[in-house]
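Reading through the structure tokens given below for one structure.
The values are calculated or read from the model by the stated rules, or taken from the named source; none is laboratory data. A quick note: this is a predicted structure, and the numbers were derived from the prediction, not measured. Here Cβ is always computed from backbone atoms with ideal geometry, including for glycine, and neighbour counts include all displayed protein chains. Please note that ligands, DNA and RNA were not included when accessible areas were found on the heavy atoms of the full protein model with its side chains. Shrake-Rupley method; radii C 1.70, N 1.55, O 1.52, S 1.80 Å.
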Amino acid sequence: MLPKLILICCLAVITSGSIPRPRGVADSNASHYQPNSENVFVCIDGSQSFPYTYVNDDYCDCADGSDEPGTSACPNGKFTCTNIGHRPLIVPASRVNDGVCDCCDGTDEYSGNIACVNTCNELGKKHKEEVERIMKLQEEGVRKKKEFAESGKKMKEEKKARLEQLQADREAAETERQEMEAKKDEAEAPEKEAKDRHQKAWDEEKARRSAEKDAAAGMTAFNELDSNNDNFVDVLEMVVHNEFDIDSNGVVSEEEAKEHLEEVEKVDQDTFVSKIWPNVKQIYKPLVPEEAQSDGEASPPAEPQGETATPPTPETPGSPDSLPPPPLDPEDYYEEDEEEEEEDEDEDDDLDDRDDFDDTQDDSDEKMPDYDDETKVLIEAADVARNSFNAADEKLKSIDREISSLQSYMNLDFGNEEEFSVLKDQCFEYTDREYTYKLCVYERASQRPKSGGSETSLGTWGRWSGPENDRYSSQLYERGQNCWNGPDRSVKVHFKCGPENQLTNAYEPSRCEYAFDFITPVSCSGKVSPLDTHAHDEL
Ligand SMILES: [Ca+2]
Ligand SMILES: [Ca+2]
Ligand SMILES: [Ca+2]
Ligand SMILES: [Ca+2]
């Protein structure tokens, strides 16, 4: 034991320096307490002076408490323990001789009321180990950071070269696209002309067919109306058709019939088809055949039809055709007829049959015929030109997309040495009791409940947000999902030196403003900051 004590004693002499000083005085303040020839002590704040014997006389004389560095007399006094073997500590003067060991060397307790064990060497050793541990971490981090920086620089070089290549390719691709577009336009002009011609011919054909059908219907109507078969339709043949009742009084007067006949008594077939039919075809209804009546068609379902079924007027006495027509146009009539024949079949089949019937009719009547061979050749040529143009267009677009993506990459700030580029396109997660938080560096931050449920955006990449002297210590992700009655969510990510890239904590310091702690070798400086070891010292 003895040699060790001696060692401590000698170290103490050396460390405390050559200036003798009163109890509780910090090394840095020692000069203030050097006795002078007048034997006067000047308070450190310079406000007062006292005889030197006032120092540590357990009575507070200086306003700044500097005359009592080694006693608890001044409420604002400060006691410094030298703590040889560890490092000096300043405690409030009130802790001097308070019965608690505050200094590791026990110098704050000299009254003898309590015996403090000197733990400075032990603490010093632990502190040294801690500093070494952190130092090692920092050095390892810096080594990794250098690697990251190298690959980051290499990556940027590659991207830059690729960007230059693409910018050169783009010119050629744009020229190619222009050429292909011109060829396409060139091929499409005759194609359009031929197709338009074909369409026009088809439109004319459709109009012709329609007119033909119309004329045929007109002739059929004429033959139906000409009940006495004298090749004229006259007023009396018209009045039996209730649909010609202009004033809806239930009777077709001769005047009404004549009005439909363009004010003549009778018309021949040609006149009927060309002049009368166009005006009446919308209202004309053929009289119902006898057998249809007996089949039960005689009771029309619609009420108004029943009303028009008034007894024959004197103008048409005893006419068998004076009964009201069924509410059917010719097409409906035939369909009804068919349905009656197929009464036993179920309704679905019936409907299907009718659909098929209609479809085939539409197809044969309304489908435009194929293009002629000459037009087909033009369309084929235009298709080829279009495909070539689309390919050239897509190629240019794809180049533009890649250029745009590379430019956004180049615009990102990866730190002074490109060291943060290693974190690009990487995502990290941290799970607490309720949520899993996710950080995709340079992209976005989010959270999702552990119990399931949808993800909430906490923000997208904004910018580096560290203080001016430590710009790369934090990142801001902003414009996340809006908080009800509050701001948009945002996250500040704090970067600290650590052995691996890892999201280590997530919290919400104020409503909707989140904070993540992220450790990474990239943030290692190679230096040990006092803060790193502070927590350990407190033990
Ligand atoms: Ca005093
Ligand atoms: Ca104490
Ligand atoms: Ca006639
Ligand atoms: Ca009438």
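Taking segment 482-500, which residues are under 15 Å from residue 428 (Cβ atoms), open to solvent by 30 Å² or more (accessible area, probe 1.4 Å) and out of contact with any Leu (no Cβ under 7 Å at 6 or more places or on another chain)? 494, 496, 500, listed by residue number.
Would you call residue 145 in contact with a helix residue (DSSP H, G or I) (Cβ under 8 Å, 6 or more places away or on another chain), open to solvent by 80 Å² or more (accessible area, probe 1.4 Å) and farther than 30 Å from residue 394 by Cβ? No; evaluated as a whole, the condition is false for this residue. When segment 173-217 is filtered for residues that are among the basic types (Lys, Arg) and under 30 Å from residue 281 (Cβ atoms), the ones remaining, listed by number, are 200, 206, 208, 209, 213. Of the residues making up segment 187-236, those that are part of a helix (DSSP H, G or I), over 18 Å from residue 373 (Cβ atoms) and of a type in the set (S, T, N, Q) are 210, 220, 223.
Number of residues in segment 51-83 that are within 16 Å of ligand 2 (Cβ to nearest atom) and aliphatic (A, V, I, L, M) equals 1. Total residues in segment 19-52 satisfying the condition of being in contact with a Cys (Cβ under 8 Å, 6 or more places away or on another chain) and in a helix (DSSP H, G or I): the figure is 0. Those residues that are among the acidic types (Asp, Glu) and not in a strand (DSSP E or B), I need them from segment 485-504; list them, please. Across segment 485-504, the qualifying residue is only 500. Among the residues of segment 53-78, the ones that are outside any loop (DSSP other than H, G, I, E, B), within 14 Å of ligand 1 (Cβ to nearest atom) and buried (at least 17 other Cβ atoms within 10 Å of the Cβ) come to 1 in all.
When segment 25-35 is filtered for residues that are of a type in the set (Gly, Ala, Ser) and exposed (fewer than 15 other Cβ atoms within 10 Å of the Cβ), the ones remaining, listed by number, are 28, 31.
Applying the selection to segment 254-265, what residues are in contact with a helix residue (DSSP H, G or I) (Cβ under 7 Å, 6 or more places away or on another chain) and either closer than 19 Å to residue 215 by Cα or within 11 Å of ligand 4 (Cβ to nearest atom) (or both)? 254, 256, 257, 260, 261, 262 - these are the residues of segment 254-265 that are in contact with a helix residue (DSSP H, G or I) (Cβ under 7 Å, 6 or more places away or on another chain) and either closer than 19 Å to residue 215 by Cα or within 11 Å of ligand 4 (Cβ to nearest atom) (or both). Answer with yes or no whether residue 512 is touching a Cys at 6+ places or on another chain (Cβ under 9 Å) and more than 26 Å from residue 409 (Cβ to Cβ). Yes, satisfied. You will find that of 528, 522, the residue that is modelled with pLDDT under 90 and hydrophobic (A, V, I, L, M, F, W, C) is 528 and no other.
Inside segment 36-52, residues that are under 22 Å from residue 94 (Cα atoms) and loosely packed, with under 15 Cβ neighbours inside 10 Å make up a count of 1. Condition test on residue 221, is it away from ligand 1 (no atom under 16 Å from the Cβ), closer than 30 Å to residue 389 by Cβ and open to solvent by less than 60 Å² (accessible area, probe 1.4 Å)? When the stated conditions are applied, residue 221 does not pass them. Give the residue, chosen from 139, 164, 191, that is of a type outside the set (A, V, I, L, M, F, W, C), farther than 30 Å from residue 238 by Cβ and free of Cβ contacts under 8 Å to residues at least 60 places away in the same chain. Among 139, 164, 191, only 164 is of a type outside the set (A, V, I, L, M, F, W, C), farther than 30 Å from residue 238 by Cβ and free of Cβ contacts under 8 Å to residues at least 60 places away in the same chain.
Of the residues making up segment 392-424, those that are acidic (Asp, Glu), in contact (Cβ under 8 Å) with a residue 12 or more places away in the chain and open to solvent by 60 Å² or more (accessible area, probe 1.4 Å) number 2. All of 97, 83 fail the test of being at positive phi and either open to solvent by less than 40 Å² (accessible area, probe 1.4 Å) or within 16 Å of ligand 4 (Cβ to nearest atom) (or both), apart from 83.
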